[in-house]
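Below is one structure; the comments refer to it alone.
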Amino acid sequence: MDQHDATVRDVAREAGVSVATASRVLSGSGYPVRASVRARVLEVAQRMSYSANSYARVLSTQQSRLVGLMVPSISEPFFSEIARGAERFLSARGYLIVLCDTDREPETEHRYLNELRGLRSGAILVAHTAYGQELLDAIAIHPAPVVVIGRDLPCASVQLDNRGAAAVATSHLIDLGHRRIAFVGGAPTSLAAVDRLAGFKLTMSQRGIPVDEALIMEGDFSLESAALAMRSLLAGSPPDAVLAANDVIAIGVIHEAVEQGLSVPRGISVVGINDTPIAAFMNPALTTVSLPMRKAGEAAAELLLQQMETQTRSDVVVSLAGELVVRGSTLSKGH
């Protein structure tokens, strides 16, 4: 059947509800329908392209219950944990999340922002990566309440202390006696990567240890780029420890070290940042700096909800710090 010919009966059958229930949801009726059922019917209607004009009217009548969540990549643990925190907080209060995975494509970012503006929805924008200045300016003047995670804009925001996280991780390696410490980073356009590198360099300088630029490698937050960076490091005068800009990079680093015959941590110590769920289950378990990603999502959702309920804009800033979690991937030098 052609999706564009879908009827109320088709939507009801696909959503597993009665025709009456589907009709109430799709007509924007005030008749009480459970939030989970309403969300399911709307999702099916959108997927089946049911009566686009009717669907748009339904969305417009529920604009105060819609929240747009823009993320650069939902497949990355950092962003999926933030999204989980925001979604749980808002759905428990009757709000429906519209997930916008931009895949770091500028055109997609602008398209989503325009669509969210058209829906007059609130928006949590996880801007921890390479959003361009043009998009950031558009975000700042978005007419609905906005909360940004990880960027300093003239609106409410939640800031994760990336420099502090790198400083804690670097100090841990220095305290273990390591001096030739490499840094394997993410994309240079990523604010998080830039801040973590800055925290690493500052801590090395404050502790009186020269930074060897040959031991600083860029990547793109992927396992493949991390492994390639580690291969380059080991081909020269290898470091005795590595600070990875996040846990995914740390996994790639460890994999390549083992492939090259090095033992972790006896041959080389490795520290990550974020404390994603897989970190504790690696072999060896990854020493990392735990950043409260889910809490950041919850805090951003709470800030957004406050603005939506009061119909005001805010520039409140919530700052969240990380905490070192020592596991099995680091060891004292010469142990």
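Yes or no, residue by residue, for (1) closer than 16 Å to Ala182 by Cα; (2) outside the structural domain of Gly186 (by TED's automatic domain parsing); (3) out of contact with any strand residue (DSSP E or B) (no Cβ under 6 Å at 6 or more places or on another chain); (4) among the hydrophobic types (A, V, I, L, M, F, W, C):
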residue	(1), (2), (3), (4)
Ser222	no, no, yes, no
Met230	yes, no, yes, yes
Pro239	yes, no, no, no
Ile268	yes, no, yes, yes
Gly272	yes, no, no, no
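Find the residue count for region 168-207, including only residues that are among the basic types (Lys, Arg) and over 29 Å from Glu76 (Cα atoms). Steps first, please.
So the first thing to find is which residues in region 168-207 are among the basic types (Lys, Arg), and the list is 179-180, 196, 201, 207.
Subset that is over 29 Å from Glu76 (Cα atoms): 179-180, 207.
Within region 168-207, residues that are among the basic types (Lys, Arg) and over 29 Å from Glu76 (Cα atoms) number 3.
Look through Asp195, Asp220 and report the one residue that is of a type in the set (D, E, K, R), touching a helix residue (DSSP H, G or I) at 6+ places or on another chain (Cβ under 6 Å) and over 19 Å from Ala285 (Cα atoms).
One residue alone meets the criteria, Asp195.
List pairs: first residue in region 15-37 and outside the structural domain of Leu90 (by TED's automatic domain parsing) and closer than 17 Å to Gly94 by Cα, second residue polar (S, T, N, Q) and modelled with pLDDT of 75 or more anywhere in the structure, Cβ distance under 8 angstrom, at least six positions apart or on different chains.
What qualifies is Ser29/Ser23; Val33/Thr21; Ala35/Ser91; Val37/Thr21.
Just to verify a result, which residue in region 1-50, among those that are among the acidic types (Asp, Glu) and modelled with pLDDT under 80, is surrounded by the most Cβ atoms within 10 Å (Cβ to Cβ)?
First pass over region 1-50, keeping only residues among the acidic types (Asp, Glu): 2, 5, 10, 14, 43.
If we keep only those that are modelled with pLDDT under 80 as well, we get 2, 5.
Values: Asp2: 7, Asp5: 11.
Of everything passing the filter in region 1-50, Asp5 is surrounded by the most Cβ atoms within 10 Å (Cβ to Cβ).
If you check Arg196 against the conditions, is it surrounded by 16 or more Cβ atoms within 10 Å (Cβ to Cβ), not aliphatic (A, V, I, L, M) and not assigned by TED's automatic domain parsing to the domain that holds Ile254? Quick ask: steps written out before the conclusion?
Values: surrounded by 16 or more Cβ atoms within 10 Å (Cβ to Cβ): yes; not aliphatic (A, V, I, L, M): yes; not assigned by TED's automatic domain parsing to the domain that holds Ile254: no.
Against the criterion (surrounded by 16 or more Cβ atoms within 10 Å (Cβ to Cβ), not aliphatic (A, V, I, L, M) and not assigned by TED's automatic domain parsing to the domain that holds Ile254), Arg196 does not qualify.
Can you tell me which condition Val264 does not meet? The list is (1) under 25 Å from the mean Cα position of the chain (by Cα); (2) surrounded by 23 or more Cβ atoms within 10 Å (Cβ to Cβ), and all the others hold.
For Val264, the exception is condition (1).
Residue-wise test of (1) crowded, with 16+ Cβ neighbours inside 10 Å; (2) of a type in the set (D, E, K, R).
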site: Asp247; (1), (2): yes, yes
site: Val271; (1), (2): yes, no
site: Val289; (1), (2): yes, no
site: Glu302; (1), (2): yes, yes
site: Thr312; (1), (2): no, no
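Results for (1) more than 19 Å from Ala83 (Cβ to Cβ); (2) surrounded by fewer than 24 Cβ atoms within 10 Å (Cβ to Cβ); (3) not charged (D, E, K, R), shown as yes or no for each residue.
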site	(1), (2), (3)
Arg151	no, yes, no
Val158	no, no, yes
Ala167	yes, yes, yes
Thr170	yes, no, yes
Leu176	yes, yes, yes
Pro188	yes, yes, yes
Ala192	no, no, yes
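Is it the case, given these coordinates, that Ala300 is touching a residue at least 12 places away in the same chain (Cβ under 8 Å) and farther than 30 Å from Leu176 by Cβ? Break it down stepwise before answering.
Working: touching a residue at least 12 places away in the same chain (Cβ under 8 Å): yes; farther than 30 Å from Leu176 by Cβ: yes.
It is true that Ala300 is touching a residue at least 12 places away in the same chain (Cβ under 8 Å) and farther than 30 Å from Leu176 by Cβ.
For region 199-224, which residues satisfy the criterion of being under 26 Å from the mean Cα position of the chain (by Cα) and either buried (at least 19 other Cβ atoms within 10 Å of the Cβ) or at positive phi (or both)?
Answer for region 199-224, where residues must be under 26 Å from the mean Cα position of the chain (by Cα) and either buried (at least 19 other Cβ atoms within 10 Å of the Cβ) or at positive phi (or both): Gly199, Phe200, Thr203, Met217, Gly219, Phe221.
The values are calculated or read from the model by the stated rules, or taken from the named source; none is laboratory data. Keep in mind that this is a model prediction, so the values were computed, not measured. Note that we place each Cβ from the backbone using ideal geometry, even for glycine, and neighbour counts take in every protein chain shown.
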